[in-house]
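These notes concern the structure reproduced below.
The values are calculated or read from the model by the stated rules, or taken from the named source; none is laboratory data. Everything numeric here is computed off the predicted structure, so don't read it as measured data. Backbone-built Cβ (ideal geometry, glycine too); neighbour counts: all protein chains shown. Note: areas computed on protein heavy atoms with side chains; ligands, DNA, RNA excluded. Shrake-Rupley method; radii C 1.70, N 1.55, O 1.52, S 1.80 Å.
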Amino acid sequence: YLRNWDGNMQPTETAAAIYAVFLNQLLINTFKDELGPDRFDEFIFVSNIPLRTLDRILPDANNVWWDDILTPGIRETRDVIISRSFAEALNILQKSYGPDMREWQWGRLHGMTYHHQLEAGGTTVAKMVNIESGPAGGGLTTVSQASYDLWAPYAMWVGPSMRMIADMKTNVLDAVLPTGNSGAIFGSHYRDMLDLFKAGVIVTTELASF
């Protein structure tokens, strides 16, 4: 799966799921032993910090960060930690989704829910006002931004709020919102753009002249 992967993180992609879980385990195995649980949680709170740090030390196979201080007398190298993390990732996915790797789809780990402030009113209210987008593509570093917390993977919590193409010489606007253009929860336009947004479709609108 990884050998044939082009780096696209589509919801149905198996390689994307393997990569994401492996990356999470690699960060844990590289930094958590030295930092401890509390400092490690602080370290990964903003995802670009651990990702950039990992990128800096990857070329150095014997960097001190690779050594697992919980195994005294053994000096782990980069390749040992990478192999350990990859094996753990495969084990996690197998336990979660079974032995058939075709079931290890990125969208099963990575979904999106648009939360409304009124969801605090209870479960029943949340079902009425929240918008379940379902499986989501993209990831931390993709063009189609779909970030998740490294400390609480892998539910998406950051993404584009709008897609728009505008020719300023005309009054035509091509745009789509991730949910709909109405804030009325029982209105027909509250969530009617959800499928269009997920499919990458934009809607052409002619604006009124002012």
Sort through ALA136, ALA155 and tell me the only one that's modelled with pLDDT under 95 and under 24 Å from ASP41 (Cα atoms).
ALA155
Looking at LEU58, LEU35, LEU118, LEU26 in this structure, which one is modelled with pLDDT of 95 or more and under 24 Å from ALA136 (Cα atoms)?
LEU26
Filter region 124-155 for residues that are in contact (Cβ under 8 Å) with a residue 40 or more places away in the chain and over 14 Å from the mean Cα position of the chain (by Cα); the one that is nearest to ILE49 (Cα to Cα) is ILE131
Condition first: surrounded by 13 or more Cβ atoms within 10 Å (Cβ to Cβ) and either modelled with pLDDT under 90 or not in a loop (DSSP other than H, G, I, E, B) (or both). Now tell me which residues in region 161-202 satisfy that.
ARG163, ASN171, LEU173, ASP174, ALA175, VAL176, ASN181, LEU194, LEU196, PHE197, LYS198
The residue that is farthest from THR141 (Cα to Cα), considering only those in region 38-50 that are open to solvent by 40 Å² or more (accessible area, probe 1.4 Å) and not aromatic (Phe, Trp, Tyr), is ASP38
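One line per residue, one yes/no per condition, for (1) among the basic types (Lys, Arg); (2) free of Cβ contacts under 8 Å to residues at least 12 places away in the same chain; (3) more than 19 Å from ARG39 (Cβ to Cβ):
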| site | (1), (2), (3) |
| --- | --- |
| ASP55 | no, yes, yes |
| ASP67 | no, yes, no |
| SER85 | no, no, yes |
| LEU90 | no, no, yes |
| ASP100 | no, yes, yes |
| TRP106 | no, no, yes |
| GLY111 | no, no, yes |
Can you name the residue in region 12-23 that is open to solvent by 30 Å² or more (accessible area, probe 1.4 Å) and touching a residue at least 60 places away in the same chain (Cβ under 8 Å) and, of all such residues, is farthest from GLY137 (Cα to Cα)?
PHE22
Selection status of SER96, of a type outside the set (D, E, K, R), under 26 Å from PRO50 (Cα atoms) and in contact with a Phe, Trp or Tyr (Cβ under 9 Å, 6 or more places away or on another chain):
yes
